[in-house]
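To keep things clear, I will list the structure first and then write my remarks on it.
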Amino acid sequence: MSVNTEIEEILRNNLLKLEDVYACMVARRGLEGIVLIEEKDPELKGVWSSLEKTMEEFFSIIKEYSAYGLNKVYFELGKYDVIFFIISETDTALVALTPALANRGLLEVELENTREKIIEILEREKTL
């Protein structure tokens, strides 16, 4: 199984199964990555499209502050929250789009667990 397939499976099984995760991706600078979107809200594609257009600039900010231990970023985008869980020592982040009123504590636990599984896959791939 390829690395991308494994990561996509983890995103599907860990995050998209949650009612409050509308979209998620593992992306790196240059917007290479794996994107999964649920059709839970008609506005969602427009919001996600806008987010993708500005993602490159956001990765510049992540790079700037990662030297100071940045590992999570949250911002509100209308009725949505966008959550970035940075994968340390990489130019990659786990990104989720959720409703603004979602249970952030539960989402953080799920995102952290997912990030750890993705890190395991990426580290394993380095050693092969």
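Any read-out appearing in this document is the output of simple, stated calculations on the displayed coordinates, not a laboratory observation. Source: prediction; values computed, not measured. We place every Cβ from the backbone using ideal geometry, glycine too, and count neighbours over all the protein chains shown.
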Original post:
For the residue pair residue 70 and residue 91, what label-to-label distance in nm results when each label sits 7 Å from Cα along the Cα-to-beta-carbon direction?
Top reply: 1.5
**OP:** May I ask which residue of 15, 85, 60 lies farthest towards the positive end of the charge dipole of region 3-127, with charges of +1 (Lys, Arg) and -1 (Asp, Glu) on Cβ and the Cα centre as origin?
**Re:** 60
Original post:
residue 74: net charge of surrounding residues, Cβ under 9 Å, Lys/Arg +1, Asp/Glu -1, itself excluded?
Top reply: 0
Original post:
Once you put a point 7 Å from the Cα of residue 101 and another 7 Å from the Cα of residue 125, both along the Cβ direction, what distance in nm separates them?
Top reply: 3.8
**OP:** Quick one: which residues, 5+ away or cross-chain, put their amide H under 5 Å from the amide H of residue 20? H built at 1.01 Å from N.
**Re:** none
Original post:
Expressed as cubic angstrom per residue, what is the convex hull volume of the alpha carbon set of the chain?
Top reply: 104
**OP:** Just need the relative contact order of the chain here, percent rounded to a whole number, with Cα pairs under 8 Å and 6+ apart.
**Re:** 28
Subject >> Debye, to nearest 20: dipole size of the chain, +1 on Lys, Arg Cβ, -1 on Asp, Glu Cβ >> reply: 100
